[in-house]
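The values are calculated or read from the model by the stated rules, or taken from the named source; none is laboratory data. The model shown is predicted, which means the values in this text are computed figures rather than measured ones. Cβ: placed from backbone, ideal geometry, glycine included. Neighbour counts: every protein chain shown.
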Amino acid sequence: MGPRALRVGLTGGIASGKSHVLRRLAADGFHTLDLDRVAHGLMAPGGAAYADVVASFGPGIVAPDGTIDRPALGAIVFADAGRRLQLNALVHPRVREAEEEWLRQVPAGAVAVVDAALLVETGLHLRFDRLVVVRCTAEQQRERLRHRDGLAAAAAEARLRAQMDPADKARFAHFEVDSSGRPADTDVAVDALAAVLRSQADRVPRPAAPLAAHWWARLVAGAPPLPEPADVRAAGERGGLELPALQARLRPPRGGAWHDAPGPDPESGAATWVAAAAAGLVAAEHRPGDLDWAAAAGYALGRLGFADPAAHAGAVHVALAACDAASGGPAAGADARARAAARFSPAPPPATATAFGWAFAG
């Protein structure tokens, strides 16, 4: 992967003020793409997803003018998580293709901002160099949503419940924008953010020399239920980890959102620690010096494998230990590992994770 733009994901809860933030960043001179608008185009008559969506959800979602009646479709998918996943499966891969094509055309050294409400929920946030989360109060979300879309209280609540808790989502943020005040106050915050992003545009992590084979040889093939290290490495070579693709490799399979607790912990945590260590090696090889990414990737893999918050912190610890070792470190050190683990989980990492991390780094 050669020189490229700084890729920034912009997300937040529904009716949190993302669109206002995106418009301000565009006014500040950044390249911007609204994935919700891309999805609307794909589902318009003649769009690539139109026929499939109508076939799957029936003629009842088609308005008299032939367009998809979005309120009617929304009433279906926000009342049924399975139907929501079905819609996502039809639309999201095509949105992803359009996004990739757009990103390829943004020049190196620029800042490319991609806006989508469900970046974290869909497990696609780790493709980005920086993640910005826009937040306001829950009461403001409800009020804005009902005013904007004319929804009844129950319908508004259903849409809010369908998304990840804002505090949970914010754990992955490099930057947060508070949109709870006056629009002018939000603009000031966005302009300050723009200055920081512009200063980082020439510091996009460049892939380092390929790691020596012995680092990868140290990772035995991951036993079920998590993906093997080769899967994690291949995802890193494509620019980031896409959690749905890794979730599809779980054995036994597990449906639902990637961030939902998987239920009882596996009998052995070895696969989780192996996958987290692979994420640390991906960070060292493809995102050198990006410790935030290593920590976030470890945490996400911990969420895939465990319900226990302490194990989530453990996966962060293992990912950073592997990143340290492969970087000729310590790139982070024990204090930085502890801070990163605390950011994602207040619980201390379990002894098994600590032992695995130090054994890998030793």
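Structure notes:
- Every residue from region 187-205 that is in contact with a Lys or Arg (Cβ under 9 Å, 6 or more places away or on another chain) and modelled with pLDDT under 90: Val204, Pro205
- Looking only at region 237-254, residues that are in a loop (DSSP other than H, G, I, E, B) and within 22 Å of Pro309 (Cβ to Cβ) come to 3 in all.
- Boolean, Ala284 is closer than 22 Å to Ala248 by Cβ, in a helix (DSSP H, G or I) and over 17 Å from the mean Cα position of the chain (by Cα): no
- Set Leu35, Leu42: member being surrounded by 13 or more Cβ atoms within 10 Å (Cβ to Cβ), touching an Asp or Glu at 6+ places or on another chain (Cβ under 8 Å) and either touching a residue at least 12 places away in the same chain (Cβ under 8 Å) or not assigned by TED's automatic domain parsing to the domain that holds Glu101 (or both): Leu35
- Some residue of region 61-71 being assigned by TED's automatic domain parsing to the domain that holds Ala116, part of a helix (DSSP H, G or I), without any contact (Cβ under 8 Å) to a residue 24 or more places away in the chain and buried (at least 16 other Cβ atoms within 10 Å of the Cβ): yes
- Considering each residue of region 113-136 in turn, at least one proves to be in a strand (DSSP E or B), among the acidic types (Asp, Glu), modelled with pLDDT of 90 or more and in contact with a helix residue (DSSP H, G or I) (Cβ under 9 Å, 6 or more places away or on another chain).
- For region 182-208, the set of residues classified as surrounded by 11 or more Cβ atoms within 10 Å (Cβ to Cβ) and part of a loop (DSSP other than H, G, I, E, B) consists of Val204, Pro205, Arg206, Pro207, Ala208, listed by residue number.
- In region 186-212, the residues that are farther than 18 Å from Ala112 by Cβ and touching a residue at least 40 places away in the same chain (Cβ under 8 Å) form Cβ pairs under 7 Å with partners that are β-branched (Val, Ile, Thr) and not in a helix (DSSP H, G or I), at six or more places apart or across chains, as follows: Thr186/Val177.
- Subset of region 158-181 [surrounded by 15 or more Cβ atoms within 10 Å (Cβ to Cβ) and of a type in the set (Asp, Glu)]: Glu176
- Test: residue in region 29-39 that is assigned to a loop (DSSP other than H, G, I, E, B), out of contact with any Phe, Trp or Tyr (no Cβ under 9 Å at 6 or more places or on another chain) and hydrophobic (A, V, I, L, M, F, W, C): yes
- Hey, Glu121 within 21 Å of Leu35 (Cβ to Cβ) and assigned by TED's automatic domain parsing to the domain that holds Asp165 or not: yes
- Every test in (1) of a type outside the set (S, T, N, Q); (2) crowded, with 20+ Cβ neighbours inside 10 Å; (3) in contact (Cβ under 8 Å) with a residue 60 or more places away in the chain is passed by Ala49 save one, and that test is (3).
- Exactly one residue among Arg37, Arg7 is charged (D, E, K, R) and within 18 Å of the chain's Cα centre (by Cα), and that residue is Arg7.
- Checking each residue in region 12-27 for being surrounded by 18 or more Cβ atoms within 10 Å (Cβ to Cβ) and at pLDDT 95 or above picks out Val21, Leu22, Arg24, Leu25.
- Qualifying residue in region 255-263 (condition: at pLDDT 90 or above and out of contact with any strand residue (DSSP E or B) (no Cβ under 8 Å at 6 or more places or on another chain)): no
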